[in-house]
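The next block holds one structure in the form of structure tokens; read it before the comments.
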């Protein structure tokens, strides 16, 4: 059980450093544009010899889409 | 415990939006509602909410310790066999969890009762930690509530301290369904607290996580994902295509895989079996357990996996009188005795009792005219008077 000193918090300062409407908007839109290698694709190196994308994307999120596909409109990960 | 009507701040919407809380209303209906608040005595908070929350969490951890290496438990919880090693290894390795929320039935008369444990992907944390506190400060300043009012709430500072211990200066990815305003807001808030703890962070949608050709999860810039907070349920990750990769990846997940045990409604009968007649538990049984008959014909039916009240059904004398639709139930159901849930001004309140790093540290309250708390239930502030 906490003592009263730690429970009574009238002197606490709750500050946010970066959160705000703009930040939320940015999250909703995605911070970084998707690379060209889409789900299930493994990209190869470009003519410049640099590897542009050597990863497979889209392997998470399928269950959410499955539920949406069943007509359960408001589904999200939190609860 | 009382429900007290009070005036709302005339600028609360602007205040909410200025700090990123732009999901304060859902479908035009209030989600945040400060036209009333719940008042508690300090003794109620300390003895009937804070103390029992710590005790219930301790029981839950004991249960996880029993379950992770026991095939019978894991089968009863319908955790897919392929992921038993992932769950067990994360427990034995001591992978840390950050936070969770117990949903409690409480009336001020008699002990609080555990309704369920949101151990894996709890939302409403920003509202509970920050916006509720802002309300308290401004409502006192504006003389809307007594000057001596206080609040049971140290969630914010404990999250920052938690990140310092868990993150240890590492780069943190945060992932989830970023197209959903509520989840995006929760992720943005947790990112903020991690930043204040000194961690470098990257936000990434769950669908944008990649798998490196040579093995290992990566972000869109092909940077290794070593430590990641996810607001996406373990049971969904297990089903997803990349679920099969989880065992071979060195990634550390927050919440860790062993939380798959606790976010399952099957813990309710298992806790009752482990600690029968505990004052903070309700009798509960798996639906296919013959002992479920002990509940008679009146009980609450819950799917093993469910969020925000989906597929929960209230049955009185054999007749369903309240039900939430949803996609869950394929893995089976549990039955739980009714909690004593009297209404306050026509509303059913459910207490969200928060823990950060297993320390009870705050309270939030959802209320609804419907006895099943769902996605549209309103969140009200609280005060200690």
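Key figures for this structure:
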{"item": "Shielding by other protein chains, B:209-216, mean Cβ within 10 Å", "result": "5"}
{"item": "Linear extension gain, residue B:248 paired with residue B:165, 0.36 nm per residue minus alpha-carbon span", "result": "27.4 nm"}
{"item": "Sorted by Cβ density within 10 Å, fewest first, the residues B:361, B:19", "result": "B:19, B:361"}
{"item": "Cα-based radius of gyration of the range B:259-363 once divided by 2.2 N^0.38 Å, which approximates compact folds", "result": "1.12"}
{"item": "For the range B:283-336: rounded, prolate or oblate by the Cα gyration tensor [a/c cutoff 1.5]", "result": "oblate"}
{"item": "Computed lengthening from residue B:345 to residue B:11, 0.36 nm per intervening residue step minus Cα-Cα distance", "result": "117.7 nm"}
{"item": "For residues of B:230-243, the mean tally of beta carbons on other chains within 10 Å", "result": "5"}
{"item": "Ranked list, fewest to most other Cβ atoms within 10 Å of each Cβ, for B:1, B:203", "result": "B:1, B:203"}
{"item": "Semi-axes of the equivalent ellipsoid for chain B, Cα gyration tensor, largest first, Å", "result": "31, 28, 18"}
{"item": "Considering only chain B, percent of DSSP beta bridges that pair antiparallel, nearest 5", "result": "75 percent"}
{"item": "CD proxy at 222 nm, helix term only [per DSSP H run n ≥ 4: -39500 (n - 2.57); per residue of chain B; nearest 500]", "result": "-7000 deg cm²/dmol"}
{"item": "Exercise: per-residue mean of other protein chain Cβ atoms within 10 Å, B:171-184", "result": "4"}
{"item": "Stretchable slack from residue B:319 to residue B:109, in nm (0.36 nm times residue separation minus alpha-carbon distance)", "result": "72.8 nm"}
{"item": "Using a Förster distance of 45 Å, the FRET efficiency for residue B:35-residue A:54 (Cβ separation, nearest 0.05)", "result": "0.25"}
{"item": "More than 40 Å apart - percent of Cα-Cα pairs taken over the protein assembly as shown", "result": "17 percent"}
{"item": "Least to most buried among B:205, B:289, B:33 (fewest other Cβ within 10 Å first)", "result": "B:289, B:33, B:205"}
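Each reported figure results from applying straightforward, stated rules to the coordinates on display, with no laboratory input. For clarity, every value in this text was computed on a predicted model and none was experimentally measured. Here the Cβ is made from the backbone with ideal geometry for all residues, glycine too, and neighbour counts use every protein chain on show.
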